[in-house]
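Working notes, beginning with the structure itself.
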Amino acid sequence: MPYEVLDHTADVKFRVRGRTLAEAFEEAARAVCETMAPNCTPEGVVRRVEVEAADTESLLADFLSELLYLSDAESIAFCSFEVEILGNRLTALCRGEEFRREKHGGGAEIKGISYSGLSIYREGESYILEIIADV
Amino acid sequence: MGDGVKRITDYEWEVPVGFTPGMRVPGRFFLSEALRKSLESGAIQQLANVATMPGIVKYALAMPDIHWGYGFPIGGVAAFDISTGVISPGGVGFDINCGVRLLATPLSVQDLKNRRELVERLYQAVPTGVGAKADLRLSGRELEEMMLAGARWAVDHGYGVPGDIARCEEQGAMKGADTASVSQKARQRGFPQSGTLGSGNHFLEIQEVKEIYDQKAASLFGVSRGQVAVMIHCGSRGLGHQVCTDHLRNLEAATKKYGIQLPDRQLACAPITSPEGKAYFGGMAAAANYAWANRQMITDMTRKVLVKLYGIKYEQMPLVYDVAHNVAKMEVHRVDGKEVQVCVHRKGATRAFGPGSPDLPSEFAETGQPVIIPGSMGTPSFLLCGTAIAMEKTFGSTCHGAGRVTSRTQAKKDVRGRDIRDQLAREGIIVRAPSEASIAEEAPQVYKPSEEVVRVVDALGISRLVAKLVPLGVIKG
């Protein structure tokens, strides 16, 4: 299920959709990670991420921020995610490969996930997430 | 433009109290008629949101490069009383001390016969783009020292000359840096990235001084017509991004703890005097110092390439100046005839202290500080100086750049990176970037015209034009 990149003058805005909240979170993770490191295939690198937050918006911001941290600090290109959400707790298995400039270079570095414009809502049976990321 | 926004003078507009509920002061922004067309209503709303924050003094301000950001609008400036006011990462941004510096050289355009080779060598020398790492491997102690001493750390370790320090805002290191407020995660990101350019709008540009508007100031700053100069634009890299992310989370809790009502969660804040507010300030200052060291190290790489290629001396390339664009600082300003201590947030705005300011080195006592305004890729950049009017009107602040008008998504639909590169090459500007997309996203037409933005700040008097620089070669992150 593809994510959309919407117009935002200075930053980058994503809209993602999922049949469940967890699926929408997985799609948001893919949007953020593909923007930074395109052409990734899940080959061998797996990281488990656990996040707990006061509300669902913070859970999303913290989860994506954790991926920014891992991508940067450990030089990983991520592209496949299995997310489980229980209340305000999230566990995710994140798969990817070691970042290589020849393969994954040319993306845009995301500096942070902003609360401005971050929204989570239902549309029919779907969950929609909108995220503004600073690039 | 938004209901109720009033025009005050040719270039000055007011967002009245009541535009959004809870405003404590009016908003003021500066625009020409030409720039007004590209102003988004979201940016005005963000300016009004800033005006609701506790302890804000006089006005929530925005410079002529105002546009829609997150938290504060980009181009936003606000001063908060240090005893009753708040401090917020939403007024600084993720890229703490993103800033720009200008390096003079003894070369003239005629000396740059092998310009393509120069661009290529600089591109090879300066780690650029997502995932780039520096050759330098810092120890834990070195990183700690760098966060305290900023540009001085780099100069002391051989990445510059002592004269560079005086030519940096804050002498290249903010006081009050507290490394205990920088998490292990932030440090881990900081180790491999000191001395890297980053991506997005960060760049290293070879320029020619094309025009001088103020001969006296230009001589003092060390620039002359026909001279080759180098402009470097980057910030605090992953370390600064992580400091912002970490403290944003802490300040979210603090906002609730102190009962502060905000219209946007990204404006999360705490009283300047609170433990949470002090921790953010200390961490932010440490990241700002890391950014000054970073720009200093890139300066060293640049000088070494020029020494090798043109046989000039390292010492023949003095720093003109280095300014921060994203930072919060403790300053003293006169407000309604009284001196007040304030925490000035500048988010996509430049300090522009005027003549006689006690915070400036004595060499700038008559001119005010140098102000560097980068253009977009392929458009002119400008050197200006700070003014007394800026001290009165804008807490000593001016614009920081051209300001985007087109989203990155739209830019990639409208133009192809290859076409832009070819078009600029025909104009004599050589561009080197990690991808075609990164050229398209930063194409000249996606920004407001830099000439118009600086014309407005000069006409308003919040800074004064000194020189115009045009690009010859660009390295994009």
Tell me, for the protein assembly as shown, which Cys residues have no other cysteine's C-beta sitting closer than 4.7 Å.
-> A:C33, A:C94, B:C98, B:C168, B:C234, B:C244, B:C269, B:C343, B:C385, B:C399
Between B:E451 and B:R416, what length in nm is gained on full extension when 0.36 nm per residue of separation is reduced by their alpha carbon distance?
-> 10.2 nm
Mean per-residue count of partner chain Cβ within 10 Å for B:245-252 equals 4
If the limit is 26 Å between Cα atoms, which of B:K175/B:K257; B:K313/B:K448; B:K113/B:K448; A:K13/B:K210; B:K6/B:K468; B:K257/B:K329 go over it?
-> B:K175/B:K257; B:K313/B:K448; B:K113/B:K448; A:K13/B:K210; B:K6/B:K468
Which ³J(HN,Hα) values in Hz, rounded to whole numbers, follow from the phi angles of region B:211-216 under the Karplus curve 6.51 cos²θ - 1.76 cosθ + 1.60, where θ = phi - 60° and Gly and Pro get x?
-> 8, 10, 9, 9, 4, 5
Beta carbons within 10 angstrom, averaged per residue: use that to sort the peptides B:337-349, B:228-240, highest first.
-> B:228-240, B:337-349
Based on the mean of other Cβ atoms within 10 Å per residue, sort peptides B:157-165, B:322-330 so the most packed one is first.
-> B:322-330, B:157-165
Counting partner chain Cβ atoms within 10 Å of every residue's Cβ in B:128-140, what's the average?
-> 3
For the protein assembly as shown, whose charge dipole is built from +1 on Lys and Arg Cβ atoms and -1 on Asp and Glu Cβ atoms, the candidate among B:I66, B:G401, B:T84 with its Cα farthest towards the positive end is B:G401
Length added when fully stretched, A:E50-A:E102, from 0.36 nm per residue minus Cα-Cα | 15.7 nm
Region B:118-157 versus region B:276-341: alpha-carbon centroid distance in Å = 14
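Kirkwood Rh and Cα-based Rg: tell me the resulting Rg over Rh for region B:307-378, rounded to two decimals.
A ratio of 1.10.
Compute for the protein assembly as shown: radius of gyration divided by Kirkwood radius, i.e. Rg/Rh, restricted to C-alpha atoms, rounded to two decimals. Please report the intermediate quantities before stating the final value.
On the way: Rg = 22.6 Å, Rh = 24.0 Å.
Rounded to two decimals, Rg over Rh is 0.94.
Okay, helix-only estimate at 222 nm for chain B: each DSSP H run of n ≥ 4 adds -39500 (n - 2.57), divide by all residues, round to 500 deg cm²/dmol; what do you get?
Here the helix-only value at 222 nm equals -9500 deg cm²/dmol.
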Between B:T409 and A:R122, the FRET efficiency computed from the C-beta separation at R0 = 35 Å comes out, to the nearest 0.05, as 0.85
Label 7 Å along Cα→Cβ of B:K308; region B:117-142 residues with amide nitrogen under 14 Å?
-> B:117-127, B:135
Restricting to aspartates and glutamates and to Cα separations under 14 Å from B:K58, and discarding same-chain partners fewer than 8 apart, the set is B:E14, B:D81, B:D336, B:E339, B:E392
Considering every pair of different Cα atoms, what Kirkwood radius, in Å, is found for region A:4-134?
-> 14.6
A convex hull over the alpha carbons of chain B yields, per residue, a volume in Å³ of 126
In degrees, nearest 10, the alpha-carbon axis of helix B:140-149 is tilted away from the dominant principal axis of the alpha carbons of chain B by 70
In whole angstrom, how far apart do the alpha carbon centroids of region A:1-55 and region A:62-135 sit?
-> 4
Using the alpha-carbon atoms, what tilt in degrees (0 to 90, nearest 10) does helix B:237-257 show relative to the longest principal axis of chain B?
-> 0
Expressed as an acute angle from 0 to 90° and rounded to the nearest 10, what is the orientation of the C-alpha long axis of helix B:417-426 relative to the principal long axis of chain B?
-> 60
Apply 1/(1 + (r/R0)^6) to the Cβ-Cβ distance of B:R225 and A:N39, taking R0 = 51 Å, and write down the FRET efficiency to the nearest 0.05.
-> 0.65
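What does the average come to when, for each residue of peptide A:61-69, you count the partner chain Cβ atoms lying within 10 Å of its Cβ?
Whole-number average of other-chain Cβ neighbours for A:61-69 is 4.
Taken together, the values in this text are just the output of simple stated rules run on the coordinates, not laboratory data. Only a predicted model underlies this, so the values are computations on that prediction, with no experimental measurement involved. Here Cβ is always computed from backbone atoms with ideal geometry, including for glycine, and neighbour counts include all displayed protein chains.
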